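> Would you mind keeping the following structure in view while I ask a few things?
Readers should treat all values here as calculations from the given coordinates under stated rules, not as data from a laboratory. Because the structure is predicted, anything quoted here is derived from the model rather than measured. Positions of Cβ are backbone-derived with ideal geometry, glycine not excepted, and every protein chain shown enters the neighbour counts.
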Amino acid sequence: MVSVFAALFIALWMLVLLIPQREFERRGIERSPISLIIRSEKGLDTIERAAQKRKGLLRRIGGFAVYISAPLIVVGSIALLLGAFHILTTPGAEPGMGPVLPKGITNRPGVVSVPWGYFLLSIAVILVAHEFMHGLVARAEGIPLKSLGIISVTLIPLGAFVEPDDEELERKGADSKLRVYAAGSMGNFIAALGAGLILLAILFLIVPLTFEPAGLYIYNVTADSPAYRAGLRADMALLGIGGRKITTVEDFTAAVPALRPGVPVVVNTDKGDFLVTPEALEGHEKGFIGISVLPRLKARPYVSRLFDEERVFTVFEVIINALRWIAGLNLAIGLTNILPIYPLDGGRMFALYMEERTPRAGEIITFFNLFLLLLVIINLGPHFGLFSGALAGS
């Protein structure tokens, strides 16, 4: 079912389509039935100033980006090949790739659904990091920029570009071109690293200063497990198992080996006591009940005296989730963009590399593009009920 937010989004796009085309043309915006392309010279001065101050550093970053791109192109291509092979030879195989979409668009398995706020924030960081790094390295290489732009599908910004002077770019040597092409993914990797380091700092430095342990809670109950059948559910506070008091992960770890298949135990929670009969798992002597636990936290006294505890938890949850999505999606986009498929930056790098080394570059580039596109289609196939186990009987 389409969410209210998604329905509102579609309605807004319908209103955009009702605006006369000349209004967009007056503002230099290209509109099609499904997209907008917005060009602007705003931001070029910022790129120019930054590039002139750090020209040497930017060229070194571009060079390092080229250096790491070569193995990533190989690894990415092999990953596509192995994923396609697995799908073709395994009935019921999961997709090897999946689209990233805002939550509420679709509930299809294999699709990464990101809450709208985190999606838009992550896309903004991805586009800025990627295109600004292209622009910075281009200017460091002496290539003029014409404009900056955003490409949106309906009202969702899904692409951006820095428009260099194509004639000047063509006059540059292969090394300069490679540094410019490789810079975009490098920008995403830097953004992912930055978000990841901030996230680690919050988790290991700020969280311990803000919160203190307050026991354990059950964060997952395996479907149709002994715990599930007994009535245990996620989010219950775990207080004890088999007469043992449970307040830390160490307590839980010590209690689990005492579980024996077929011997009932009482599991104490904040919602009551539950009689659970552990089951045997092949190759294990201890019993299995099917719960996973995490530490429960509460705000430290000096924090709760100054701020509402629930609001503190909400702020940390939003910040941590935002950083997690920013880091993960920047890394994913950076790796995807480096695949040797035209018009991705990896495809441009591969084409340039081949053109410098063989007169048959055109044939090789075409073959690799078609072959890798076929691998991408196979990796996406299970989303549409295609290709899984197609060669299993061969």
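> Treating the angle as unsigned and between 0 and 90°, give the value, to the nearest 10°, between the Cα long axis of helix 55-89 and the longest Cα principal axis of the chain.
Approximately 60 degrees, to the nearest 10.
> Given an 8 Å cut-off on Cα distances and at least 6 residues of separation, report the relative contact order of region 202-268 as a percent.
Taking the mean separation of contacting Cα pairs over the length of region 202-268, I get 28 percent.
> List the residues, sorted by chain then number, that are 5 or more residues from Lys146 or on another chain and whose placed amide H is less than 5 Å from its amide H.
Glu163, Asp165
> Now a separate question. Taking the Cα centre of the chain as origin, work out the dipole magnitude from +1 charges on Lys and Arg Cβ and -1 charges on Asp and Glu Cβ, in debye rounded to 20.
Approximately 580 debye in magnitude.
> Any idea what the dipole of region 208-306 comes to, in debye rounded to 20, about its Cα centre with Lys/Arg Cβ at +1 and Asp/Glu Cβ at -1?
Values: 11 positive and 10 negative charges, 83 e Å.
That gives a dipole near 400 debye.
> Report the trypsin sites (Lys or Arg not before Pro) located in region 339-394 that are in a DSSP loop and have at most 12 other Cβ atoms inside 10 Å of their Cβ, or state none.
Those satisfying the criteria are Arg357, Arg360.
> List the residues, sorted by chain then number, that are 5 or more residues from Ile241 or on another chain and whose placed amide H is less than 5 Å from its amide H.
Amide H neighbours of Ile241, under 5 Å, 5+ apart: Ile246, Asn268.
> Follow-up. Rounded, prolate or oblate for the chain? Axes are the square roots of the Cα gyration tensor eigenvalues, ordered a ≥ b ≥ c, and the cut-off for rounded is a/c under 1.5. Write down the numbers at each step before the final one.
Working: a/c = 2.05, a/b = 1.68, b/c = 1.22.
Prolate, since a/c reaches 1.5 and a/b exceeds b/c.
> Let me ask something additional. Just add up the charged neighbours of Val114: K/R +1, D/E -1, any other residue whose Cβ is under 11 Å from the Cβ of Val114.
+2
> Please sort by residue number the trypsin sites (Lys or Arg not before Pro) in region 10-64 whose DSSP state is loop and whose Cβ has at most 12 other Cβ atoms within 10 Å.
Taking region 10-64 and a limit of 12 other Cβ atoms within 10 Å, the loop trypsin sites (Lys or Arg not before Pro) found are Arg27, Lys42.
> Quick check on region 304-356: what does the Kirkwood estimate of hydrodynamic radius come out to from the alpha carbon pairs, in Å? The partial results should precede the final answer.
Values: mean 1/r = 0.0715 Å⁻¹.
In region 304-356 this quantity evaluates to 14.0 Å.
> When the chain is modelled as a GNM with alpha-carbon springs shorter than 10 Å, which of Ile47, Ile246, Ile38 fluctuates the most?
For the chain, modelled as a Gaussian network with Cα springs under 10 Å, the answer is Ile246.
> While we're looking at this one, here's another question. Dipole of region 208-306 (Lys/Arg Cβ +1, Asp/Glu Cβ -1, origin at the Cα centre): which of Ala280, Pro257, Ile246 lies farthest to the positive side?
Selected residue: Ile246.
> Picking from Leu297, Pro382, Leu344, whose Cα lies most toward the positive end of the charge dipole for region 281-383 (charges on Cβ: Lys, Arg +1; Asp, Glu -1)?
Looking along the dipole axis, the top candidate is Leu297.
> Still on this structure, I have one more. To the nearest 20 debye, what is the magnitude of the charge dipole of region 53-180 about its Cα centre, counting +1 on the Cβ of each Lys and Arg and -1 on the Cβ of each Asp and Glu?
Charge dipole, region 53-180, about its Cα centre: 460 debye, nearest 20.
> A further question follows. With a/c under 1.5 counting as rounded, go ahead and sort region 1-109 into rounded, prolate or oblate using the C-alpha gyration tensor (a ≥ b ≥ c being the square roots of the eigenvalues; past the cut-off, prolate if a/b is larger than b/c, else oblate).
Taking the square roots of the gyration eigenvalues as a ≥ b ≥ c, region 1-109 is oblate.
> Mind running the shape call on region 77-159? Use the C-alpha gyration tensor, a ≥ b ≥ c as the square roots of the eigenvalues: rounded below 1.5 for a/c, prolate if a/b tops b/c, oblate otherwise.
On the way: a/c = 3.63, a/b = 1.58, b/c = 2.30.
Because a/c hits 1.5 or more and a/b fails to exceed b/c, region 77-159 counts as oblate.
> How far is helix 4-18 tilted, in degrees, relative to the longest principal axis of the Cα atoms in the chain, given as a value from 0 to 90 rounded to the nearest 10?
That works out to roughly 20 degrees.
> Give me the net charge for the shell around Pro164: Cβ to Cβ below 14 angstrom, other residues only, Lys and Arg +1, Asp and Glu -1.
Local charge sum for Pro164: -3.
> Would you work out the relative contact order for the chain, in percent, from Cα pairs under 8 angstrom that are 6 or more residues apart?
22 percent
> A further question on this structure: Taking θ = phi - 60°, what integer Hz values does the Karplus form 6.51 cos²θ - 1.76 cosθ + 1.60 yield along region 197-210, in sequence order, with x for Gly and Pro?
Along region 197-210, the couplings run 5, 5, 4, 5, 4, 5, 5, 9, 10, 7, 4, x, 7, 9 Hz.
> With each run of n ≥ 4 DSSP H residues scored as -39500 (n - 2.57), what mean residue ellipticity at 222 nm is computed for the chain after dividing by its residue count and rounding to the nearest 500 deg cm²/dmol? Write out the running numbers ahead of the final one.
Numbers: 14 runs with 205 residues, N = 394.
Per the formula, -17000 deg cm²/dmol.
> Okay, moving on. For region 298-359, which GluC sites (Glu not before Pro) are both in a DSSP coil and crowded by at most 13 other Cβ atoms within 10 Å?
Glu356
> Tell me the net charge near Asn188. Cut-off is 12 Å between Cβ atoms, Asn188 excluded, with +1 for each Lys or Arg and -1 for each Asp or Glu. Spell out each step's value before the answer.
On the way: positive: none; negative: Glu131, Asp345.
Taking every Cβ under 12 Å from that of Asn188, the sum is -2.
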